[in-house]
Every structure is written in C-alpha cells, then in structure tokens.
Amino acid sequence: MEDLYQEGKIRAIGVSNFLPHHLDALLETAKILPAVNQVRLAPGVYQEEVVAYCREKGILLEAWGPFGQGELFDSKQVQEIAANHGKSVAQIALAWSLAEGFLPLPKSVTASRIQANLDCFGIELSHEERETLKTIAVQSGAPRVDDMDF
C-alpha cells in the first residue's frame with residue numbers, strides 16, 4: 001500500500017477498527033501514517049481512548065454505524081433533542097458525529113432517508129446536548145465496544 005501511495009496510484013491509506021495498540025504496532029514499521037481509522041462511533045458508543053489517540057496523531061475518524069444498532073431511535077433523550085431542533089433522530093446523530101469531528105458513514109438504501117440525512121449540516125448542538133449524546137446509555141443487544149477485545 002505504501003508503494004502504491006508513493007507512486008501516486010492511491011491518495012490515502014486507511015485502517016479499520018484499529019485501537020491504539022494496533023496503531024502503535026503498525027507505526028513501528030509503517031512509513032506512512034494512516035489517513036483514516038474507521039471505527040464504530042455513535043451517540044452512546046464513544047471510544048475515548050481511540051478518539052484521543054487518533055486526534056493526537058492527526059488520523060481522521062470515520063464513524064461507521066453512526067446510528068448505533070438502531071437503538072438511538074427508541075431513546076427518549078435523543079428524541080427530545082431531535083424535537084427541540086425540529087430534526088430527526090438520524091439527523092441529530094449525524095450532526096453529533098460532524099460536531100465531534102468524525103466523518104459519519106450512514107447506511108441506507110432508501111432514497112428519502114439518504115436525502116433526509118443530508119439535512120444534518122448546520123444543526124448547532126449545544127455543549128450539553130453533545131455531552132448527553134456522547135455519554136447516553138442506549139439499550140442494545142450488541143456488546144459495547146469498550147468491552148470487546150480486538
């Protein structure tokens with residue numbers, strides 16, 4: 001990948017689900033810093049150590065699963081924030097990702113939802129709303145990322 005990058009055949013190198021110890025191991029031999037680390041980030045799923053590490057190194061965080069496992073849509077707190085802004089829960093989750101400096105990667109095959117997701121730009125979340133979304137407890141059958149051993 002580094003050869004292709006140096007030859008100008010690719011513009012960036014990225015990684016997925018790399019925790020700090022994975023990045024440290026990579027950087028022992030890599031000549032080129034990854035431009036992006038795609039990790040699960042969503043309201044209630046905030047990987048503080050990964051976020052801090054990537055920010056320090058200048059690695060863009062791409063948030064896959066920015067709606068969690070869908071549990072955000074049932075959260076009364078998120079619904080209230082969305083109602084206060086006249087927006088949908090999905091738009092609030094995307095606005096939160098952008099406000100945190102993440103590149104959200106929403107998934108939808110429905111044209112109307114894809115179009116609605118684009119209406120997340122310009123939503124100004126307060127500091128309190130951002131913190132609520134960061135630390136919100138969401139109910140999900142999926143294990144918390146902090147509890148996983150990669």
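The values are calculated or read from the model by the stated rules, or taken from the named source; none is laboratory data. No experiment lies behind these values; they were computed from the predicted model shown. In this analysis, Cβ positions are derived from the backbone assuming ideal geometry, glycine residues included, and neighbour counts consider all displayed protein chains. With ligands, DNA and RNA removed, areas are computed over all heavy atoms of the protein, side chains included. Shrake-Rupley method; radii C 1.70, N 1.55, O 1.52, S 1.80 Å.
Structure data summary
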read-out: Stretchable slack from A35 to E56, in nm (0.36 nm times residue separation minus alpha-carbon distance); value: 6.3 nm
read-out: Bins of 5 Å from zero: percent of alpha-carbon pairs in the chain; value: 2, 9, 18, 20, 18, 14, 10, 6, 3, 1, 0
read-out: Surrounding net charge for F18, when Lys and Arg each add one and Asp and Glu each subtract one, Cβ distance under 13 Å; value: -1
read-out: Relative contact order [Cα under 8 Å, 6+ residues apart], the chain, whole percent; value: 23
read-out: Amide H contacts of G65 (H built 1.01 Å from N, under 5 Å, at least 5 apart or other chain); value: L105
read-out: Net charge of Cβ neighbours under 13 Å - reference A82; Lys, Arg +1; Asp, Glu -1; value: -2
read-out: Only Lys, Arg (+1) and Asp, Glu (-1) charged, at Cβ; the chain dipole about Cα centre in debye; value: 480
read-out: Acute angle (nearest 10 degrees) that the helix 48-57 long axis makes with the longest principal axis of the chain, alpha-carbon atoms; value: 50
read-out: Helix-only CD estimate at 222 nm, as mean residue ellipticity for the chain, using -39500 (n - 2.57) per DSSP H run (n ≥ 4); value: -11000 deg cm²/dmol
read-out: For the range 27-35, 3J(HN,Hα) per residue [Karplus equation, 6.51 cos²θ - 1.76 cosθ + 1.60, θ = phi - 60°, Hz, x = Gly/Pro]; value: 6, 5, 10, 5, 9, 10, 5, x, 7
read-out: Förster-model FRET efficiency, 35 Å R0, E131 and A12, C-beta, rounded to 0.05; value: 0.65
read-out: Interchain or long-range residues, amide H under 5 Å from Q38's placed H; value: V15, S16, N17, F18, E62
read-out: Spatially proximal lysines relative to K76 (Cα-Cα < 27 Å; intrachain offsets below 8 disregarded); value: K87, K107, K134
read-out: Where the range 7-70 is the region considered: accessible area per residue in Å², 1.4 Å probe; value: 51
read-out: Residue of I114, I81, I59 that the Gaussian network model of the chain assigns the largest fluctuation, springs spanning Cα pairs under 10 Å; value: I114
read-out: Loop-exposed trypsin sites (Lys or Arg not before Pro) per DSSP, neighbour cap 14 Cβ within 10 angstrom, longest uninterrupted part of the chain; value: 32-106
read-out: Whole-percent carbon and sulfur share, accessible surface of the range 1-65, 1.4 Å; value: 51
